1. Does any residue of the range 44-51 turn out to be open to solvent by 80 Å² or more (accessible area, probe 1.4 Å), farther than 25 Å from D150 by Cα and either of a type outside the set (G, A, S) or not in a loop (DSSP other than H, G, I, E, B) (or both)?
2. Among (1) part of a strand (DSSP E or B); (2) touching a helix residue (DSSP H, G or I) at 6+ places or on another chain (Cβ under 7 Å); (3) crowded, with 16+ Cβ neighbours inside 10 Å; (4) of a type outside the set (S, T, Y), there is one condition L138 misses while meeting the rest; what is its number?
3. Is it the case that the range 22-40 has a residue that's within 14 Å of S84 (Cβ to Cβ) and modelled with pLDDT of 85 or more?
4. Please work out if T75 is of a type in the set (V, I, T) and either open to solvent by 80 Å² or more (accessible area, probe 1.4 Å) or at pLDDT below 50 (or both).
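The values are calculated or read from the model by the stated rules, or taken from the named source; none is laboratory data. Since the model is a prediction, treat every value here as computed from it, not as a measurement. All Cβ positions, glycine included, derive from the backbone under ideal geometry; neighbour counts span all protein chains shown. When the accessible area is computed, the model is the full protein with side chains, heavy atoms only, and any ligands, DNA or RNA have been set aside. Shrake-Rupley method; radii C 1.70, N 1.55, O 1.52, S 1.80 Å.
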Amino acid sequence: TAFKEWLVNKPSPGDTVVFYFSGHGSQVVDESGDEADGWDEILCPADLTPTVDRQQYLNSILDDELNALLNQISTDNVTVILDSCHSGTGTKSLIDAGLTTPKRIERDLLLAPRKPVNSPTPRQESMSVEPTDEHHVLISGSKPEEVSLDALWESPAGDTFYAGVLTKNLVEGLRRATGETRYKDLMAPVLQSVRERSSQTPQFEG
């Protein structure tokens, strides 16, 4: 409802629209048959709940649903930023001695994916643009099979805080940006900085 009220009903052609999500992400079995790897990516809202038999999730937000909402926006100047696991076509447990925090929600609970109809298409790294959708640009924290991490950072004042590895580096890149900065110029150093702190590979497409 909020997406429709704010991002579908209000914008006019030419307006700038940004949708940003940082949180849990996972994958579920692709029921529509449009995913080469047999998995749909999902965003996990606060009320995500498994069914009693733990065979599926209730209230997940499918990538298909998000795409349908995006296609209702009347402007083509749309940027989608997903700092969540499996967000590259779209889970952040403690590792690395507490320096990074993925909040993993296991893909599809107990279900295994159906056999892919086609072999998976290799994803491009974030400094490459996949011209698959001219309606919006997607900046995501990781490839579909990867997790996105939160990491421990130090502020200029000397205290520490957790923030998504993609989000922290993207914000720093945006602070250096000018009105002439293009997406490729922004994302090339972001990709390099993220890979220095994490094994995830940010994606940039659209």
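1. Just the residues of the range 44-51 that are open to solvent by 80 Å² or more (accessible area, probe 1.4 Å), to begin with: 46-47.
This time we only want the ones that are farther than 25 Å from D150 by Cα, so: none.
The answer is no, given that none of the residues of the range 44-51 is open to solvent by 80 Å² or more (accessible area, probe 1.4 Å), farther than 25 Å from D150 by Cα and either of a type outside the set (G, A, S) or not in a loop (DSSP other than H, G, I, E, B) (or both).
2. With respect to (1) part of a strand (DSSP E or B); (2) touching a helix residue (DSSP H, G or I) at 6+ places or on another chain (Cβ under 7 Å); (3) crowded, with 16+ Cβ neighbours inside 10 Å; (4) of a type outside the set (S, T, Y), L138 is out only on (2).
3. Scanning the range 22-40 turns up at least one residue that is within 14 Å of S84 (Cβ to Cβ) and modelled with pLDDT of 85 or more.
4. Values: of a type in the set (V, I, T): yes; either open to solvent by 80 Å² or more (accessible area, probe 1.4 Å) or at pLDDT below 50 (or both): no.
No.
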